[in-house]
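Structure, as C-alpha cells:
The values are calculated or read from the model by the stated rules, or taken from the named source; none is laboratory data. Computed from a predicted model, the values in this text were never measured in an experiment. Backbone-built Cβ (ideal geometry, glycine too); neighbour counts: all protein chains shown.
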C-alpha cells in the first residue's frame, strides 16, 4: 500500500476511533459520577483505549487476519505511524500540562504523568508485537465492533467527509514530523562533522 494512502487512512481511523471513544468515556464518567477518580484510574481507562486502538489498527493493517501468516515487514510503516501518533499525543498532553502549571491552574481534565504515559505507550507496542505473532487474539468481538463502527461512520456522506479532512491534516502533520526529524538528524551530523574538522585544524595550528 502507498505510504501516503496508508497514513491518510490511519489518520481517518484514529479520528473516528477517538470520536467513538468520546461517548464511551462519557459513559464511564456517568457511571463514576460523584466518585473520586485519580490519575491511576484515568490511566487505566486510557490503557483500555490505547490497547483496543492498537488491536483495531492491527485488524485494518492485516486485512482482518484472513491468514495466520503475518508479514512483519509490511507492518513496519504501520508501526512507525503508530509511534508518531502516540508521540504526538504524549507531546500534546505534556505541553498542555506545562501550560496549566505555568498558569498555576490544576485542570481536572488534564492529569498528566510522564511515567504512566511512557509505560502505557510501551505496553501498547508490546501488544502490537504480541498480535503479530498471535494474530488470532486480534479477532475479538470488541475490536471487530470498533472496526465495523469505524467503517460505517467513514462511509457516511457528510460525517465521513469531515473525518477524511481530519485524515488529510493528519497526513500533513506526519509528513511535517518526518521532515523535521530528518532535518534535525542532518543538522546534528553536520555539526558533529564541523566540530571534528575544527578540532583537526586547531591541532594543525598547535603543531605548527
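Taking the criterion of being surrounded by fewer than 16 Cβ atoms within 10 Å (Cβ to Cβ) and modelled with pLDDT under 90, the residues of the stretch 2-19 that qualify are 2, 3, 4, 5. Scanning the stretch 141-170 for residues that are surrounded by 13 or more Cβ atoms within 10 Å (Cβ to Cβ) and within 24 Å of residue 127 (Cα to Cα) gives 143, 144, 145, 146, 147, 149, 150, 151, 170.
If you go through the stretch 36-73 and keep only what is loosely packed, with under 12 Cβ neighbours inside 10 Å, at pLDDT 65 or above and not in a helix (DSSP H, G or I), you end up with 38, 63. Can you pull out every residue in the stretch 86-96 that is touching a residue at least 12 places away in the same chain (Cβ under 8 Å) and over 13 Å from residue 117 (Cα atoms)? Listed by number, the list holds a single entry, 96.
May I ask you to verify whether residue 174 is assigned to a helix (DSSP H, G or I), at pLDDT below 90 and farther than 21 Å from residue 89 by Cβ? No.
Do we have any residue at all in the stretch 107-125 that's surrounded by 12 or more Cβ atoms within 10 Å (Cβ to Cβ), outside any helix (DSSP H, G or I), in contact with a helix residue (DSSP H, G or I) (Cβ under 6 Å, 6 or more places away or on another chain) and at pLDDT 80 or above? For the stretch 107-125, residues surrounded by 12 or more Cβ atoms within 10 Å (Cβ to Cβ), outside any helix (DSSP H, G or I), in contact with a helix residue (DSSP H, G or I) (Cβ under 6 Å, 6 or more places away or on another chain) and at pLDDT 80 or above: present. Selection over the stretch 14-23 of residues that are over 15 Å from residue 55 (Cα atoms) and free of Cβ contacts under 8 Å to residues at least 12 places away in the same chain gives a count of 2.
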